[in-house]
Amino acid sequence: MKNMLLRQSSRAVGRQELWRLRRRGLSRLAPTATATTTPSTTLSHTHPLPANLRSSALAQQSSTRRQFHATRELQLVKPVLLADIGEGIVECEVIQWFVEPGARVEEFSRLCEVQSDKASVEITSRFAGVVKKLYYDAGEMAKVGKPFVDIDIEGGPENKEVEALTPPEPVSTPEGQQASKGEAISTSTPQAIAPELEQAFIEAPWAQETPALSHSPVTKQTGKHASLATPAVRHLAKGLNVDITEIPGTGKDGRVLKEDVYKFVQARDSASTPSPSAATPTLPGVSAAAAAASAFSSPDATISGPQTEITVPLTRTQEMMFKSMTRSLTIPHFLYADEVDFTSLVELRARLNKVLSKSGLPEGQVKKLSYLPFVIKAVSMALYKYPVLNARVDLVSNTNGKPSLVMRSQHNIGVAMDTPSGLLVPVVKNVGSLNILSIAAELARLQSLAVAGKLSPQDMSGGTITVSNIGSIGGTYLSPVIVEKEVAILGIGRMRTVPAFSTVPGEEDKILRRQICNFSWSADHRVIDGATMARAADVVRTIVEEPDVMVMHLR
Amino acid sequence: MAALLLRSTTGGFRCLTKGPAFVSTTTTTLSSNPGFGLLTKLRRSYSTTTLSQDLLNKRVQVYQSTSHDPYLNLSIEHHLLQHSHPDSYVLFLYINDPCVVIGRNQNPWLEVNLPALQEAEDIKLVRRRSGGGTVFHDHGNVNWSVICPPAVFDRDRHAEMVVRALKDLGITTAKVNERHDIVIAGDGRGNGKDVFKVSGSAYKLTRLRSLHHGTCLLNSPRLKNIGKFLRSPGEPYIKARGVESVRSPIRNVDIDTEEFNKRVVDEFLAMYEEQFGEDVKVERVGEEVKDMGNIRKGMDELTSIPWIYGQTPQFTFSSRPTEDDPRERPSLDLDVQSDFNIEFTLRHGEIQTANVSGLKYEGPTMDEDFYDGMVSQALAQGSDDESAVKLYEINDWATALKSATSGQAFKMSDSSLNSISGWLNKVFPGNHFR
């Protein structure tokens, strides 16, 4: 079973495969956007990932390389997930418990016995600790991959491993925290947000109301976690001279998010004169903010007590998103994913950054290049060869009612960015005429505007294709959603170092380090066929793997 | 006659099919030196054992039971599971007296025809510790049980082993199906095409060990009656959680049990003995080990009424279709009102809630709803504590229903009482051990 998964990860995985794997509950290749956000703000358009399963697979792995840390005394109550018992079984019946809340368990002591069709299985504990809560009664069906018991773990298990046990919460690495600089990303697919945002600008009067609106539906949760916030958020609050305990948190468990801080500041300063440019920051792209703000799961995450449900109606933004997302999915997507060797690009970038740092630069030019400008330029070069990817589908304006393709000459590449006010997709115009430096400069400009909430409608409109760099948060493969009025989108995964065999003839047995990154393309299958996508993706891949090719195309 | 014929032909086959039989089987065979080397081991050494820990620590162990007591055999099996060395491979073969064996989490009132069992008098009711469905054992059925480390556990691995043994004995069409059962086509020897199940499997997985055991219908004389015992009169009225049995058409393989045992031992050792290089004896176990601490404890548990009846997960019983169980009910010919309905929910075999209506009463004032309520309450009394009404302790429903109205001014009309308790006694006939 595991071999099959490993083999598949090294070739392009079709969407069908992903669905099948995910249904079997064993997929690690499903979009890893950890978009399990709070119930009221689930905006994710990636397929709801059973990330629990992924982490339970991790949990199974990590037992073999666990190190025992005696130094850290950490009292943690962790929900323990029911590990995969094999045979593709997703739920089984609890026959009897051997423990009850309050019972002390050692590593390997029996917790319960479960049964699925013909097999009765004894589940043993992986940790020493005290049982806190049983999630199922004897006779109920327990779901594989979901928590079945809470154990108060004593001693200092590695935080990483303990996280592997918990149901994942919106996660972003500390890199993602610096959303204001560098590649900005979002855990939910950003692309479908863009048309919704365009609409927001069309309905400008509506936008002005949002400061008032956004307060009312949100239930003020100043519960026991009123001061619960990540260090980044605390820092922000401090910087803005805000007492964090006064801010109502909208994140999980009443956590205070960056967006909450900004909202609070705005409400405090002036609620009376919203400017049109304030429209952008007041759009709560909540899931993105939620994801960006919580850097890691807090130890107090689990609350004992019964399940409570609070119905929260969708905000205007969410309604817009809902509609546009639904529209986006009328596009039949197909996923094309590939691995790209970034090793040469990494070297080139290092060299170029050295040059840039030395030379005295005029104001307004970037001092440091990231990978994104290279990728954007590569995409543009591929679009010259395959202009159909830059087109859009037109269903209405043709007089005889048939659909048609509208080819576009300029390459306006939308870049998804994670901002305090949420996910935005500003557009870098006419990439075909820009060089790497100017692309980078434009990116930086758009980024600073986005953070300040000052993006203009021109900056947001006119996109012909979109690129999303989700890899700076995490994730390998994704299945991005195409923005309305476009036919393709590229999602870039995380870069990682892998061993690979040398391609130098004569040294084929030598193992080298390579930096690998996964590109996941989605395209509109009504007008783009797999071969075209494959060829275009190949062009991008060739350019990225051998960036010197760009030298040949210098004008 | 057929049996005799078979023996002579297998005698002939032995030399010819040993080699190819090995080569043609699935990849789970570990032995690289098949065939003729084993011919010399046709005479295995047998010894009677007391299940010492030394013995349980050997890499490869083979046991054969001399007892036909199902409770003892299962306890021995459980003891082997718990105390054999974590890296060892154990085979245990046993034959039981006639009994119906239900799975760990099954519902005896749903799976078994308890009145028929009680009538038959010599058929025991057993709840085993592994999962799966309900089966019938008797002297024509051999139970084989393999315990191995979890790392090599595979649902088909040892089923294939038994298939090889069957093929050796001339059952050429034996194979393992997708439900990990062993099936044969026709009579197994090439006549007929219908598929029949001859063996079912169940598993128990603990942290250190994996147990796979199964039956094999060799020459049961009661084949025709098995169906009768496994169809419960309460089935239309009971909705249970837990594993349901899956019915399949069955037949005898028609071979001698001793032959079968020998072959299975051969195949088992072919898989493991060479690999671990030992000279394995077939150990006989039986009544002698009855007094070993663990085994005695195991038997006490398996024979206890709360284990057999009380380990039943929650289920509902209702004489009319309900939301949870909307099936049509067969019409009851009882002396009751038109709105008659009995509903119980039961947990661990104890009545948790009871709802009775439509009984007929004799008494001064007719407040039937109130009387119904009293009866319901009496039945569901003490549902949270020790005094809950246990289904398996009600040996006669007439008495139980009468005592529900004892001390009251009203009582149920006799004909009503008799007809209802007649029906309830069939569905819930008290416990088997009188």
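Candidates A:LEU111, A:LEU81, A:LEU134, A:LEU76: the one that is more than 9 Å from every other protein chain (Cβ to nearest Cβ), of a type in the set (A, V, I, L, M) and in contact with a Leu (Cβ under 7 Å, 6 or more places away or on another chain) is A:LEU81. Filtered by the rule that a residue be closer than 23 Å to A:LEU405 by Cα, crowded, with 19+ Cβ neighbours inside 10 Å and touching a strand residue (DSSP E or B) at 6+ places or on another chain (Cβ under 6 Å), segment A:495-526 gives A:TRP521, A:SER522, A:ALA523. Tell me which residues, restricted to segment A:117-131, are among the small types (Gly, Ala, Ser) and more than 14 Å from every other protein chain (Cβ to nearest Cβ). A:ALA128, A:GLY129 - these are the residues of segment A:117-131 that are among the small types (Gly, Ala, Ser) and more than 14 Å from every other protein chain (Cβ to nearest Cβ). When every residue of segment B:260-277 is checked against the conditions, at least one turns out to be in the same structural domain as B:VAL100 (by TED's automatic domain parsing), within 24 Å of B:ASP156 (Cα to Cα), surrounded by fewer than 19 Cβ atoms within 10 Å (Cβ to Cβ) and aromatic (Phe, Trp, Tyr). The residue list A:VAL114, A:VAL99 contains one member that is at pLDDT 80 or above, among the aliphatic types (A, V, I, L, M), closer than 28 Å to B:LYS204 by Cα and assigned to a loop (DSSP other than H, G, I, E, B), which is A:VAL99. A single member of A:GLN67, A:GLN75, A:GLN61 is farther than 20 Å from B:ARG207 by Cβ, of a type in the set (S, T, N, Q), at pLDDT below 55 and surrounded by fewer than 19 Cβ atoms within 10 Å (Cβ to Cβ), and it is A:GLN67.
Tell me yes or no: at least one residue of segment A:145-166 is closer than 22 Å to B:TYR203 by Cβ, modelled with pLDDT of 70 or more and either in a loop (DSSP other than H, G, I, E, B) or within 14 Å of chain B (Cβ to nearest Cβ) (or both).
First pass over segment A:145-166, keeping only residues closer than 22 Å to B:TYR203 by Cβ: A:145, A:148.
The next check asks that each one be modelled with pLDDT of 70 or more; those that pass are A:145, A:148.
Within this subset, residues satisfying the condition of being either in a loop (DSSP other than H, G, I, E, B) or within 14 Å of chain B (Cβ to nearest Cβ) (or both) are A:145.
Yes: segment A:145-166 contains one or more residues that are closer than 22 Å to B:TYR203 by Cβ, modelled with pLDDT of 70 or more and either in a loop (DSSP other than H, G, I, E, B) or within 14 Å of chain B (Cβ to nearest Cβ) (or both).
Scanning segment A:398-455 for residues that are surrounded by fewer than 15 Cβ atoms within 10 Å (Cβ to Cβ), polar (S, T, N, Q) and under 25 Å from the mean Cα position of the chain (by Cα) turns up just one, A:SER448.
Within segment B:238-255, if we keep just the residues that are outside any loop (DSSP other than H, G, I, E, B) and not charged (D, E, K, R), the residue that is nearest to the other protein chains (Cβ to nearest Cβ) turns out to be B:ALA240.
A quick yes/no check of all residues on (1) outside any strand (DSSP E or B); (2) surrounded by 24 or more Cβ atoms within 10 Å (Cβ to Cβ); (3) on the phi > 0 side of the Ramachandran plot; (4) assigned by TED's automatic domain parsing to the domain that holds B:VAL142:
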site: B:SER47; (1), (2), (3), (4): no, no, no, yes
site: B:LEU51; (1), (2), (3), (4): yes, no, yes, yes
site: B:ASP54; (1), (2), (3), (4): yes, no, no, yes
site: B:LYS58; (1), (2), (3), (4): yes, no, no, yes
site: B:GLN61; (1), (2), (3), (4): no, yes, no, yes
site: B:LEU72; (1), (2), (3), (4): yes, yes, no, yes
site: B:HIS78; (1), (2), (3), (4): yes, no, no, yes
site: B:ASP87; (1), (2), (3), (4): yes, no, no, yes
site: B:LEU91; (1), (2), (3), (4): no, yes, no, yes
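Here is a yes/no grid of residues against (1) surrounded by 18 or more Cβ atoms within 10 Å (Cβ to Cβ); (2) within 14 Å of chain A (Cβ to nearest Cβ); (3) outside any loop (DSSP other than H, G, I, E, B):
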| site | (1), (2), (3) |
| --- | --- |
| B:LYS197 | yes, yes, yes |
| B:LYS204 | yes, yes, yes |
| B:ARG207 | no, yes, no |
| B:HIS212 | yes, yes, yes |
| B:PRO221 | no, no, no |
| B:ASN225 | no, no, yes |
| B:LYS228 | no, no, yes |
| B:SER232 | yes, no, no |
| B:PRO236 | no, no, no |
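Across segment B:79-89, not a single residue is classified as more than 14 Å from chain A (Cβ to nearest Cβ) and under 14 Å from the mean Cα position of the chain (by Cα). Every condition in (1) buried (at least 19 other Cβ atoms within 10 Å of the Cβ); (2) within 14 Å of chain A (Cβ to nearest Cβ); (3) within 21 Å of B:VAL101 (Cα to Cα) is met by B:GLU350 except one, and the failing one is (3).
I want to confirm something. Restricting to segment B:256-281 and keeping residues that are among the acidic types (Asp, Glu) and not in a helix (DSSP H, G or I), which single residue is farthest from the other protein chains (Cβ to nearest Cβ)? I'd like the intermediate steps shown before the answer.
Of the residues in segment B:256-281, the ones among the acidic types (Asp, Glu) are B:256, B:258-259, B:266-267, B:273-274, B:278-279.
Okay, now just the ones that are also not in a helix (DSSP H, G or I), so B:256, B:278-279.
On the way: B:ASP256: 28, B:GLU278: 29, B:ASP279: 33 Å.
If we take residues in segment B:256-281 being among the acidic types (Asp, Glu) and not in a helix (DSSP H, G or I), then B:ASP279 is farthest from the other protein chains (Cβ to nearest Cβ).
Among residues that are surrounded by fewer than 21 Cβ atoms within 10 Å (Cβ to Cβ), in contact with a Phe, Trp or Tyr (Cβ under 9 Å, 6 or more places away or on another chain) and hydroxyl-bearing (Ser, Thr, Tyr), B:SER130 is not included.
Kindly check whether there is at least one residue in segment B:152-171 that is out of contact with any His (no Cβ under 7 Å at 6 or more places or on another chain), within 12 Å of chain A (Cβ to nearest Cβ) and either outside any loop (DSSP other than H, G, I, E, B) or closer than 29 Å to A:GLY139 by Cα (or both). Yes, the conditions are met somewhere in segment B:152-171.
Return yes when B:GLU111 is charged (D, E, K, R), more than 14 Å from every other protein chain (Cβ to nearest Cβ) and touching a residue at least 60 places away in the same chain (Cβ under 8 Å) and no when it is not. Can you show your working first?
Values: charged (D, E, K, R): yes; more than 14 Å from every other protein chain (Cβ to nearest Cβ): yes; touching a residue at least 60 places away in the same chain (Cβ under 8 Å): yes.
Yes, satisfied.
Evaluate the following for B:ASN252: is it without any contact (Cβ under 8 Å) to a residue 60 or more places away in the chain and in contact with a strand residue (DSSP E or B) (Cβ under 9 Å, 6 or more places away or on another chain)? Quick ask: steps written out before the conclusion?
On the way: without any contact (Cβ under 8 Å) to a residue 60 or more places away in the chain: no; in contact with a strand residue (DSSP E or B) (Cβ under 9 Å, 6 or more places away or on another chain): yes.
So B:ASN252 fails the test.
Could you check segment A:486-530 and list, in sequence order, the residues that are under 16 Å from A:VAL340 (Cα atoms) and outside any strand (DSSP E or B)? Matches in segment A:486-530: A:GLY493, A:ARG494, A:MET495, A:SER502, A:THR503. In segment B:327-338, is there at least one residue being of a type outside the set (Lys, Arg) and touching a strand residue (DSSP E or B) at 6+ places or on another chain (Cβ under 6 Å)? Looking for residues that are of a type outside the set (Lys, Arg) and touching a strand residue (DSSP E or B) at 6+ places or on another chain (Cβ under 6 Å), one finds none in segment B:327-338, hence no.
The values are calculated or read from the model by the stated rules, or taken from the named source; none is laboratory data. Keep in mind that this is a model prediction, so the values were computed, not measured. Note that each Cβ is placed from the backbone with ideal geometry, even for glycine, and that neighbours are counted across all protein chains shown.
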